[in-house]
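Here it is, the structure in full.
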Amino acid sequence: MKKTRRNLLPVKEFRGKGLRWDWRDGVVELTLDHEPLNEIGTLLLGELEQFASAIDSLAPITGACIITSARPGGFSVGGDLKELYNNALQLSPKKRVAGLRAFIQRIHRVANAIDAAPFITIAAVHGLCMGGGLEMALIPR
């Protein structure tokens, strides 16, 4: 069975609890804004997944994406280790590694989706940038 591409209306604007994006004149500005310093936990990752799912609809009208941070302390300190630890404690010891692996794989899928986008991506990095935040900063091409 041949897959057909659906006509999707581009989501030009999004306001979440951890990030937002705005499309103007062929450019998407994706702004990380999750206190205290854009830790990548379930909230921010879920919203990044929403952005990744909007890429196909944005692609025909977008030439570039600029990834920025609204946090004055920096770009992103990476994974929310406290949340990862607390979530792992709720799992049985046998399931902890699988749970952590699944979360990390979600992060990689989002990074890969943004990397594969057919438009130029630019990271405007300031201040702290570590771990998964550095991976996001390295996406641009």
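The values are calculated or read from the model by the stated rules, or taken from the named source; none is laboratory data. Remember, predicted model here, so these are calculated numbers, not experimental data. Note that we place each Cβ from the backbone using ideal geometry, even for glycine, and neighbour counts take in every protein chain shown. The area values use the complete protein model at the heavy-atom level, side chains included, leaving out ligands, DNA and RNA. Shrake-Rupley method; radii C 1.70, N 1.55, O 1.52, S 1.80 Å.
Kindly work out what percent of the DSSP beta bridges joining two residues of the chain are antiparallel, to the nearest 5. Please report the intermediate quantities before stating the final value.
Working: 10 of 23 bridges.
Counting only bridges with both partners in the chain, antiparallel ones make up about 45 percent.
I would also like to ask the following. Calculated from DSSP H runs of 4 or more alone, at -39500 (n - 2.57) each and per residue, what is the 222 nm mean residue ellipticity of the chain, nearest 500? All intermediate terms of the calculation are to be shown ahead of the outcome.
Values: 4 runs with 57 residues, N = 141.
That comes out to -13000 deg cm²/dmol.
Next question. List every residue whose amide H lies under 5 Å from the amide H of Gly18, counting only residues 5 or more places away in sequence or on a different chain, with H placed 1.01 Å from N in the peptide plane.
none
Keeping all protein chains in the complex and leaving out DNA, RNA and ligands, what accessible area do you get for Arg71 with a 1.4 Å probe, in Å² to the nearest 10?
Approximately 40 Å² for this residue.
Right, another one. Using each residue's phi in the stretch 28-34, evaluate 6.51 cos²θ - 1.76 cosθ + 1.60 at θ = phi - 60° and report the 3J(HN,Hα) Karplus result to the nearest Hz, with x for Gly and Pro.
Each residue of the stretch 28-34 in turn: 9, 9, 9, 10, 6, 8, 10 Hz.
Need one value: the accessible area of Asp25 in square angstrom, 1.4 angstrom probe, rounded to the nearest 10.
Estimated to the nearest 10 Å², Asp25 gives 150 Å².
Across the stretch 91-141, what fraction of all alpha-carbon pairs, as a whole percent, falls in each successive 5 Å bin from zero upward?
Answer for the stretch 91-141: a P(r) of 4, 19, 21, 18, 15, 10, 7, 4, 1 percent.
Which whole-Hz couplings ³J(HN,Hα) result when phi for each residue of the stretch 87-96 is put into the Karplus expression 6.51 cos²θ - 1.76 cosθ + 1.60, θ = phi - 60°, listed in order with x for Gly and Pro?
For the stretch 87-96, the Karplus curve yields 5, 5, 5, 7, 9, 5, x, 5, 9, 4 Hz.
So, one more: In terms of modelled amide H atoms, which long-range or inter-chain residues lie less than 5 Å from the amide H of Ile122?
Answer set, sorted by chain and number: Cys65, Ile66, Ile67.
Distance between Cα centroids, the stretch 101-141 to the stretch 47-90: provide it in whole Å.
8 Å
Over all pairs of distinct alpha carbons, what does the Kirkwood formula give as the hydrodynamic radius of the chain, in Å?
15.7 Å
Might you work out the accessible area of His34 for me, using a 1.4 Å probe with all protein chains in place, and round it to the nearest 10 Å²?
My reading of the accessible area for His34 is about 40 Å².
With +1 assigned to the C-beta of every Lys and Arg and -1 to the C-beta of every Asp and Glu, and no other charges, what is the dipole magnitude of the stretch 14-130 about the Cα centre in debye, to the nearest 20? If you can, show how the numbers build up before the last one.
Details: 12 positive and 12 negative charges, 117 e Å.
Once rounded to the nearest 20, the dipole reads 560 debye.
Under a point spin-label approximation (7 Å from Cα along Cα-to-Cβ), what is the Ala102-Leu81 distance to one decimal in nm?
2.4 nm
Report the convex hull volume per residue for the stretch 56-103, counting only C-alpha atoms, in Å³.
Numbers: hull volume 6.2 nm³, N = 48.
Cα convex hull per residue, to the nearest whole number: 130 Å³.
Computing the accessible area with a 1.4 Å probe over protein heavy atoms, can you report the carbon and sulfur percentage for the chain? Walk me through the intermediate numbers first.
Values: 4820 of 8410 Å².
Carbon and sulfur atoms account for 57 percent of the accessible area of the chain.
Mind telling me which of Ala54, Ala124, Ala98 comes out most flexible in a GNM of the chain, alpha-carbon contacts under 10 Å?
Of Ala54, Ala124, Ala98, the Gaussian network model singles out Ala98 as fluctuating most.
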